[in-house]
Amino acid sequence: MRRLGLPVLLLSLFLAQSAAAQSVDGPFYSRQHLVDYWATQSVGFGNAIHVFLNHYKVFDHLGFGPALGKSYFQCQDGLIRRDCNSIQGPFIWSSDAVAYLTNVFGDVSHINISQDGTLINQGFSPLLGYFNYKTCFGQIYNGRYLTYVVLEHGFAGGTTFNGISCLPQP
């Protein structure tokens, strides 16, 4: 019987664990990993599926009825997820950014939150912080730009939060 070396054994265990832990939310290690996941999920699936990365379509499965649309982002740690779990975002909707800040701070009633210069959450006095988000654009899909929001800059709890750039086309 042939014995496997320790590196081969560890790699095999890592890949087995990664495959078992994979979920529809990610993380995915690359664009190809995301596409491969949805290619296997769409087998025998009758509906259309559209998968977007940084709001650019990367996978299509033709089918019937309304399309199942899934959006993913390349997060700051390099992994691809539906939700990057970061104050900086990206978020599909500004309401997702507000909900995330609420989860982090417990209460945003004393924090101003704006998107593209327009206040979307009016904080009460005394103000304890602010977060400014900006809209980023992906591809045109069904006649309109796909958009998402990322943090431009923010401050709360004595901490300054640096923003991030809009994500590149994958």
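The values are calculated or read from the model by the stated rules, or taken from the named source; none is laboratory data. This one's a predicted model, so the numbers in the text were calculated from it and none came from an experiment. Every residue, glycine as well, gets a Cβ built from its backbone with ideal geometry; the counts of neighbours run over all protein chains shown. For accessibility, only protein heavy atoms count, side chains too; no ligands or nucleic acids. Shrake-Rupley method; radii C 1.70, N 1.55, O 1.52, S 1.80 Å.
Can you tell me which of I87, I92, I80 is more than 12 Å from A156 (Cα to Cα) and open to solvent by 10 Å² or more (accessible area, probe 1.4 Å)? Steps first, please.
Numbers: I87 fails: more than 12 Å from A156 (Cα to Cα); I80 fails: open to solvent by 10 Å² or more (accessible area, probe 1.4 Å).
It is I92.
Just to check your reading of the model, which residue among Y100, Y141, Y133 is hydroxyl-bearing (S, T, Y) and free of Cβ contacts under 8 Å to residues at least 40 places away in the same chain? Walk me through how you get there before you give the answer.
Numbers: Y141 fails: free of Cβ contacts under 8 Å to residues at least 40 places away in the same chain; Y133 fails: free of Cβ contacts under 8 Å to residues at least 40 places away in the same chain.
Of Y100, Y141, Y133, the one residue that is hydroxyl-bearing (S, T, Y) and free of Cβ contacts under 8 Å to residues at least 40 places away in the same chain is Y100.
Quick check: anything in the range 32-50 surrounded by 13 or more Cβ atoms within 10 Å (Cβ to Cβ), touching a residue at least 40 places away in the same chain (Cβ under 8 Å) and touching a helix residue (DSSP H, G or I) at 6+ places or on another chain (Cβ under 9 Å)?
no
All but one of (1) in contact with a Phe, Trp or Tyr (Cβ under 9 Å, 6 or more places away or on another chain); (2) farther than 29 Å from I49 by Cα hold for D107, so report the exception by its number.
(1)
Any idea which residue in the range 57-66 is most open to solvent (accessible area, probe 1.4 Å), counting only those that are among the hydrophobic types (A, V, I, L, M, F, W, C) and closer than 22 Å to I140 by Cβ?
Step one: of the range 57-66, the residues among the hydrophobic types (A, V, I, L, M, F, W, C) are 58-59, 62, 64.
If we keep only those that are closer than 22 Å to I140 by Cβ too, we end up with 58-59, 62.
Details: V58: 22, F59: 28, L62: 150 Å².
By that ranking, first place goes to L62.
Is it fair to say I120 is crowded, with 16+ Cβ neighbours inside 10 Å, aliphatic (A, V, I, L, M), modelled with pLDDT of 95 or more and in contact with a helix residue (DSSP H, G or I) (Cβ under 9 Å, 6 or more places away or on another chain)?
Numbers: crowded, with 16+ Cβ neighbours inside 10 Å: yes; aliphatic (A, V, I, L, M): yes; modelled with pLDDT of 95 or more: yes; in contact with a helix residue (DSSP H, G or I) (Cβ under 9 Å, 6 or more places away or on another chain): yes.
Against the criterion (crowded, with 16+ Cβ neighbours inside 10 Å, aliphatic (A, V, I, L, M), modelled with pLDDT of 95 or more and in contact with a helix residue (DSSP H, G or I) (Cβ under 9 Å, 6 or more places away or on another chain)), I120 qualifies.
Checking the conditions here, which among G65, G69 is in contact with a strand residue (DSSP E or B) (Cβ under 6 Å, 6 or more places away or on another chain) and farther than 23 Å from Q169 by Cβ?
Exactly one residue qualifies, and that residue is G65.
Look at G69 and say whether it is open to solvent by 30 Å² or more (accessible area, probe 1.4 Å), of a type outside the set (A, V, I, L, M, F, W, C), in a strand (DSSP E or B) and closer than 25 Å to S23 by Cβ.
Details: open to solvent by 30 Å² or more (accessible area, probe 1.4 Å): yes; of a type outside the set (A, V, I, L, M, F, W, C): yes; in a strand (DSSP E or B): yes; closer than 25 Å to S23 by Cβ: yes.
Here the answer is yes, as G69 does meet what is asked.
Considering only the range 21-43, state which residues are closer than 21 Å to Q169 by Cβ and outside any helix (DSSP H, G or I).
Residues satisfying the conditions are G26, P27, F28, Y29, S30.
Residue by residue through the range 51-62, note down the ones that are in a loop (DSSP other than H, G, I, E, B) and in contact (Cβ under 8 Å) with a residue 40 or more places away in the chain.
Hits for the range 51-62 are N54, H55.
Scan the range 133-162 residue by residue and report those that are over 19 Å from C75 (Cα atoms), of a type outside the set (G, A, S) and not in a loop (DSSP other than H, G, I, E, B). Write out each step before concluding.
Filtering the range 133-162 down to residues over 19 Å from C75 (Cα atoms) leaves 140-145, 155-160.
With of a type outside the set (G, A, S) added as a condition, the list becomes 140-142, 144-145, 155, 159-160.
Those that are over 19 Å from C75 (Cα atoms), of a type outside the set (G, A, S) and not in a loop (DSSP other than H, G, I, E, B): I140, Y141, R144, Y145, F155, T159, T160.
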